[in-house]
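Taking it in order: structure first as structure tokens, then the write-up.
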Amino acid sequence: MSNFIISYNWFVNEATSAEVTGSAPLLSGVQNSLNKPTLIYPNGGETILTRSIEISWKEPSIASVNGIAAWYEILYNSNYDFSNEEDWIVVASGLPIGVNKFIWNIGNEFSTDNMRIAVRTINIRGQKSDMSISAESFKVRRSSLPMPSLLAPVPNSRYGNSIDIVFDDS
């Protein structure tokens, strides 16, 4: 393994600067303790009309190195703005490595044209991978309740002092 001289310059403010010179081995392969998954669905352009979303992702070949326990976390942003990354809300966390789908029951909570989903890996040390975010926004529409069907009373029938009204509840 070869050693290379690496020089770094950084500036904290105009009055402070530092330079570090040392030798570091050039490594190949996995460099981070976490690798990010790749979001597959929803990835943008979809219109979700149901009350649940099946979120799926491709796992990295190695999610976490050095045997450190890790899991997946899913987040959403109902009004995505690339300049404001702080609006992400956790949908689910603690999804084990080996799982690559999650069904999010959203109910009738959202109606938006600008929804995005993200998935990332987190380990027991609290380290987080980069988020894999929907490539484009997708739409979520509130579901309309179906109109009930009237089963009784039926036309041309005779009724006494009261009439039972029966709806199809399916």
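The values are calculated or read from the model by the stated rules, or taken from the named source; none is laboratory data. Since we're looking at a predicted model, the values are computed, not measured. Virtual Cβ from ideal backbone geometry, glycine too; neighbours counted across all protein chains shown. Just so you know, the surface numbers come from the protein's heavy atoms only, side chains and all, with ligands and any DNA or RNA stripped out. Shrake-Rupley method; radii C 1.70, N 1.55, O 1.52, S 1.80 Å.
Note down the accessible area of Phe102, probe 1.4 Å, to the nearest 10 Å².
Counting only protein heavy atoms, Phe102 exposes about 50 Å² to solvent.
Restricting things to alpha carbons, tell me how big the range 42-170 is in terms of Rg and Dmax, in Å.
Just the Cα atoms of the range 42-170 yield Rg and Dmax of 22.5, 79 Å.
Can you work out ³J(HN,Hα) from phi for every residue in the range 48-62, in order, using Karplus 6.51 cos²θ - 1.76 cosθ + 1.60 and θ = phi - 60°, giving whole Hz and x for Gly and Pro?
For the range 48-62, the Karplus-derived couplings read 8, 10, 8, 9, 8, 10, 8, 8, 10, 8, 9, 6, x, 4, 10 Hz, x marking Gly and Pro.
How far is the Cα center of the range 92-134 from the Cα center of the range 46-80, in Å?
Taking the Cα centre of each part, the range 92-134 and the range 46-80 sit 4 Å apart.
Would you check the accessible area of Lys139, probe 1.4 Å, heavy atoms only, in square angstrom rounded to 10?
Result for Lys139: roughly 80 Å² accessible.
For the range 96-169, with equal point scatterers placed on the C-alpha atoms only and solvent neglected, what are the log10 I(q)/I(0) values from the Debye formula at q = 0.13, 0.23 1/Å, to two decimals?
Debye curve over Cα of the range 96-169, log10 I(q)/I(0) at q = 0.13, 0.23 Å⁻¹: -0.67, -1.14.
Under the Karplus relation 6.51 cos²θ - 1.76 cosθ + 1.60, θ = phi - 60°, what is the ordered set of whole-Hz ³J(HN,Hα) values for the range 111-118, x standing for Gly and Pro?
The phi angles translate into 8, 8, 9, 10, 8, 9, 10, 9 Hz.
What nm distance separates the two modelled labels at Asn156 and Ile89, each placed 7 Å from Cα along Cα→Cβ?
Once both label points are built, they end up 5.4 nm from each other.
Assuming R0 = 25 Å, what is the FRET efficiency of Lys139 and Phe167, from their Cβ-Cβ distance, to the nearest 0.05?
Details: r = 31 Å, r/R0 = 1.26.
Using R0 = 25 Å, I get an efficiency of 0.20.
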